[in-house]
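Colleague: Below is a structure I'd like to ask you about.
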Amino acid sequence: MPRPQNIPKKWLFLLGLVVILVSFIAFTRPGKTLYKVFRLATALNPSETTFTKPSKIKYAQISYPDDGKFTQALIFRKGAQKQSAVIISAGVGLTNYNTSLINSFASSLADLGITVMIPQTQSMQDNIVTESSIRSYVNAFRYLESQNSIDKNKIGYFGFCAGASFLALAAEDKDIADRISLLALFSPYNDLIDYYAQAFAHQAITVTNSRDWKPHPQTVDLLEKNFTYRANLIPSETLNAAQTNQITKQPQNALEKKRQIESVLPQTMLDEAKLLSPNHAAQNIKAKTYIVHDYNDTFTPREESERLKAEIQNAQLIEPTIFDHTIFRKDISPLTWAIQGSQVLIFFYKILYNVS
């Protein structure tokens with residue numbers, strides 16, 4: 001019988017490394033999270049058209065109790081085992097393309113074993129944010145908590161644009177604040193009056209003054225619609241059409257525009273705007289919070305996230321240039337992608353770690 005040949009030590013060493021690596025990925029929480037980040041990064045690859053392809057996982061439509069009514073929601077889920085979950089809000093003014101992106105992203109998360117819920121709130125249908133629509137996200141969280149298929153200790157929020165602000169507002173609710181495991185926000189606004197002023201003045205409010213900022217036409221249109229909607233609810237002698245037009249159409253310094261809005265609006269409208277501004281109770285947020293804001297964002301000035309980050313204890317913020325608002329750009333250089341992409345992936349690792 002021939003004697004077995006000795007295996008070189010270097011091959012034994014490499015084999016040992018492979019075994020350790022496989023064990024790390026298969027049996028440890030950090031390893032499993034890294035694997036999920038790798039898979040998600042593949043789906044998010046800006047050089048591909050993943051998010052324009054049909055979703056891998058089809059959604060189910062459900063209705064959940066929502067303060068005396070029932071609100072529709074989409075549920076993306078793979079498998080029957082108990083899972084962590086995230087609630088997604090993409091805000092208002094969504095195009096079919098935006099909806100396709102969100103559904104594909106939800107499908108990618110579900111493929112990783114994370115249940116995704118997308119409430120179809122009234123604000124999404126009307127493009128008008130209200131307190132009741134914020135409550136819908138609070139009640140969505142409570143709905144997931146009631147499901148035996150969901151790990152109640154691993155339910156988070158994942159919001160884009162104004163939807164990020166809506167979820168920050170929901171996370172401030174004292175009844176659920178201590179139980180939210182994660183708050184991931186992409187390009188939120190912080191203060192609604194500031195947001196109005198900046199969009200109507202075409203300037204961003206900075207720490208010391210203001211800077212030129214060219215808002216996307218869609219942002220201006222949506223904020224004009226919201227502002228006019230609320231102005232029409234109050235008596236005409238309090239705020240007439242001419243004053244509304246002057247506020248929304250007349251360009252001026254952003255700080256002056258803010259003072260103009262605050263001096264003209266009745267207290268009831270100012271109070272409502274405060275309740276729809278995450279900064280009014282951001283100190284109530286207990287969840288681990290990660291904020292990503294496009295440095296050159298034309299939908300929401302980056303300063304809004306900088307101010308919100310300062311309001312939330314231990315929140316983390318990055319401001320990459322590889323996004324077009326909340327969508328990866330395809331015109332970035334490999335070097336920029338390598339540097340900033342790694343920073344974004346580290347953020348995704350932290351996000352997924354808290355719901356894995």
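The numbers here are math on the coordinates, done by the rules we state, and not lab data. Everything quoted here is computed from the prediction, not taken from an experiment. Cβ placement follows ideal geometry from the backbone for every residue including glycine, while neighbour counts extend to all protein chains displayed.
Colleague: Summing +1 for each Lys or Arg and -1 for each Asp or Glu, what net charge is found among the other residues whose Cβ lies under 12 Å from the Cβ of residue 60? It would help to have the intermediate numbers written out before the result.
Modeller: On the way: positive: 58, 77, 78; negative: none.
For residues surrounding residue 60, the net value is +3.
Colleague: May I ask which of 82/154; 257/286; 288/330 have a Cα-Cα span longer than 22 Å here?
Modeller: 257/286; 288/330
Colleague: Scale the Cα Rg of the chain by the rule-of-thumb value 2.2 N^0.38 Å and send over the ratio, two decimals.
Modeller: 1.12
Colleague: Using packing as a proxy for protection, rank 165-172, 314-321 so that the peptide with the highest average count of other Cβ atoms within 10 Å comes first.
Modeller: Result, highest mean first: 165-172, 314-321.
Colleague: So, one more: Evaluated at 10 °C with a viscosity of 1.306 mPa s, what Stokes-Einstein diffusion coefficient in µm²/s does the range 192-273 have when Rh comes from the Kirkwood expression over alpha-carbon pairs? Write out the running numbers ahead of the final one.
Modeller: On the way: Rh = 12.7 Å.
For these conditions, the coefficient is 125 µm²/s.
Colleague: Based on the mean of other Cβ atoms within 10 Å per residue, sort peptides 115-123, 185-193 so the most packed one is first.
Modeller: Working: 115-123: 23.0, 185-193: 25.1.
The peptides rank, most packed first, as 185-193, 115-123.
Colleague: Additional query: So if I take the centroid of the Cα atoms in the range 112-151 and the same for the range 290-352, what is the distance between those two points in Å?
Modeller: 24 Å
Colleague: A further question on this structure: If you place +1 on the Cβ of every Lys and Arg and -1 on the Cβ of every Asp and Glu, how big does the dipole about the Cα centre of the chain come out, in debye to the nearest 20? It would help to have the intermediate numbers written out before the result.
Modeller: Working: 37 positive and 31 negative charges, 416 e Å.
With only Lys, Arg, Asp and Glu charged at Cβ, the dipole is about 2000 debye.
Colleague: Would you mind calculating the relative contact order of the range 192-273 from Cα pairs under 8 angstrom and at least 6 residues apart, reporting the percent as a whole number? Please report the intermediate quantities before stating the final value.
Modeller: Values: 77 pairs, mean separation 35.1, N = 82.
Relative contact order of the range 192-273: 43 percent.
Colleague: Another question about this same structure. Report D for the range 224-356 in µm² per second (integer): Stokes-Einstein, Kirkwood Rh on Cα pairs, 37 °C, 0.692 mPa s. Walk me through the intermediate numbers first.
Modeller: Working: Rh = 17.8 Å.
Answer, rounded: 185 µm²/s.
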